[in-house]
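**Q** Structure incoming, see below.
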Amino acid sequence: MLRPATSVATSEIPAPGVVLELLKPITWFPPMWAFGCGAVSSGVALTTHLGSLVVGLILCGPLLCATSQAANDWFDRHVDAINEPNRPIPSGRMPGRWGLYVALLWTVLSLLCASALGIWVFNAAIIGLVLAWIYSAPPLRLKQNGWLGNLACAVCYEGIAWVTGAVVMLDGAAPPAKSLIVAALYSLGAHGIMTLNDFKSIEGDHALGIRSLPVQLGTERAGRVACAAMALPQIVVVVLLLYWGRGLHAAAVGVALAVQLALMRRLLAAPRERAPWYGGTGVTLYVAGMLVSAFAVRGAA
């Protein structure tokens, strides 16, 4: 059950530190990194669009990603009361309906920021915001199904952010096909990363009928699915880079993948316990491969 805010009046404005905790700065890195990879893949010198680059990074992380975190925590407050009762909303430190108000305010701020970067970025922001809200909010609440919910997150965190970074650098022009293909592949792979993130919430998800992959498949099968989801797209990336004549880049991504496969063996021996450990090791290599791939397709036709 949600903790009653006995010491906090429901009309009180939450402390800035609590709002920041709700927005989860630690989660901003993946879309900001993907945006940066997209910018690199454009082939345009970053210094020529430095202002737009900074605004785009703010849009992807502290605004769009933060909006999704606030919305998710509001609609997940009953789940978090079981899984993570010390979070701002179930603990009572974010009083009343302030969690929802912050999510709505950040939605508006995201749209205002996106409008400064042109129509294509604005449209991308709308798509990202729609996915963020339907991921968490009823009646669709995509997170009720681990296959759909994780796909929505992966597309937002990696694919849309990558493409947006490239579009910003290309002054609104469409990114090259090779860049789009690599972005799509890393988006698919991020589905596995999202699945690993679900291991920490099994009890609450099971109790409230959220069919995450660990709940649907069990921890062992979900771990294998997550590893396959991460590894297979990277294999395709390596093959494509070789086909495109980017042998050194293919070798670098291949080495990173080989190390990931070794780490996955340890992960699968105890997936629930070691999912956070893999997030700090294997996932780091995964995102490093993204940047290598971005340089490989840099300025490609």
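**Q** Between Trp244 and Val108, what is the FRET efficiency for a Förster distance of 41 Å, r being their Cβ-Cβ separation, to the nearest 0.05?
**A** Computed FRET efficiency for Trp244 and Val108 comes out at 0.45.
**Q** Here's another thing I want to ask about it. So for the chain, considering every pair of alpha-carbon atoms, how many percent are separated by more than 37 Å?
**A** Considering the chain, 15 percent of its Cα-Cα pairs are separated by more than 37 Å.
**Q** Can I ask one more? Find which of Leu208, Ile160, Ala103 sits farthest along the positive direction of the dipole of region 96-220, computed with +1 on the beta-carbon of Lys and Arg, -1 on that of Asp and Glu, about the Cα centre.
**A** Selected residue: Ala103.
**Q** Can you spot the lysines whose alpha carbon is less than 28 Å from Lys200's alpha carbon? Ignore those fewer than 8 places along the same chain.
**A** Counting by Cα, and skipping residues close in sequence, Lys200 has these lysines nearby: Lys24, Lys143.
**Q** If you roll a 1.4 Å probe over the chain with all protein chains in place, what percent of the accessible area is carbon or sulfur?
**A** 70
**Q** Please report the net charge: other residues with Cβ closer than 15 Å to the Cβ of Phe295, K and R +1, D and E -1.
**A** +3
**Q** Grab the Cα-Cα distance for Glu84 and Glu273, subtract it from 0.36 nm times how many residues apart they are, and report the gain in nm with one decimal.
**A** Working it through step by step, the gained length comes to 66.4 nm.
**Q** Could you please state, rounded to a whole Å, how far the C-alpha centre of region 116-138 is from the C-alpha centre of region 168-190?
**A** Between the Cα centre of region 116-138 and that of region 168-190, the gap is 17 Å.
**Q** Largest first, what is the accessible-area ranking of His249, His49 with a 1.4 Å probe?
**A** Correct descending sequence by accessible area is His249, His49.
**Q** Let's test the formula: R0 of 25 Å, r as the Cβ-Cβ distance of Lys200 and Asn145. What FRET efficiency results, to the nearest 0.05?
**A** 0.85
**Q** Within region 14-44, find all residues whose amide N lies under 18 Å from a label point positioned 7 Å from the Cα of Tyr101 along Cα-to-beta-carbon.
**A** Counting backbone N atoms under 18 Å from the label point, the list is 14-23.
**Q** Another question about this same structure. Determine ³J(HN,Hα), in whole Hz, for all residues of region 47-53 in sequence, where each value follows from phi through the Karplus function 6.51 cos²θ - 1.76 cosθ + 1.60 and θ = phi - 60°; x replaces Gly and Pro.
**A** Residue by residue, region 47-53 yields 5, 6, 10, 4, x, 5, 5 Hz.
**Q** Let me ask another. Pop a pseudo-label 7 angstrom from the Cα along the beta-carbon direction at both Val130 and Thr281 and give the gap in nm to one decimal.
**A** With each label point 7 Å from Cα toward Cβ, the separation is 4.1 nm.
**Q** When the Kirkwood radius is taken over all Cα pairs of region 173-221, what Stokes-Einstein diffusion coefficient follows at 25 °C and 0.890 mPa s, in µm²/s?
**A** The diffusion coefficient I find is 195 µm²/s.
**Q** Give the angle, between 0 and 90 degrees and rounded to the nearest 10, that separates the Cα long axis of helix 271-296 from the longest principal axis of the Cα atoms of the chain.
**A** Long axis of 271-296 versus the principal axis of the chain: about 40 degrees.
**Q** Under the 0.36 nm per residue contour assumption, what length would be gained going from the current alpha-carbon distance of Asp171 and Phe29 to full extension?
**A** 48.7 nm
**Q** Follow-up question, since we're still on this one. Please turn the phi angles of region 33-41 into ³J(HN,Hα) values with the Karplus equation 6.51 cos²θ - 1.76 cosθ + 1.60 (θ = phi - 60°), one per residue in order, whole Hz, x for glycine and proline.
**A** For region 33-41, the Karplus curve yields 5, 4, 4, x, 5, x, 4, 4, 5 Hz.
**Q** With the contact rule set at Cα under 8 Å and sequence spacing of 6 or more, what percent relative contact order holds for the chain?
**A** In percent, rounded to a whole number, it is 22.
**Q** Given the -39500 (n - 2.57) contribution per DSSP H run of 4+ residues, what per-residue ellipticity at 222 nm results for the chain, rounded to the nearest 500 deg cm²/dmol?
**A** After summing the helix terms and dividing by the residues of the chain, the value is -22500 deg cm²/dmol.
**Q** Please give the contour-minus-distance gain from Ile13 to Asn123: 0.36 nm per residue of separation, less the Cα-Cα distance, rounded to one decimal in nm.
**A** 36.4 nm
**Q** Right, another one. DSSP loop trypsin sites (Lys or Arg not before Pro) in region 7-107 with at most 14 other Cβ atoms within 10 Å of their Cβ, which ones?
**A** Here the trypsin sites (Lys or Arg not before Pro) that fit, given the DSSP loop and packing criteria, are Arg97.
The values are calculated or read from the model by the stated rules, or taken from the named source; none is laboratory data. Here the structure is a predicted model, which means the values were calculated and not measured. Here the Cβ is made from the backbone with ideal geometry for all residues, glycine too, and neighbour counts use every protein chain on show. SASA here: full protein model, heavy atoms, side chains in, ligands and nucleic acids out. Shrake-Rupley method; radii C 1.70, N 1.55, O 1.52, S 1.80 Å.
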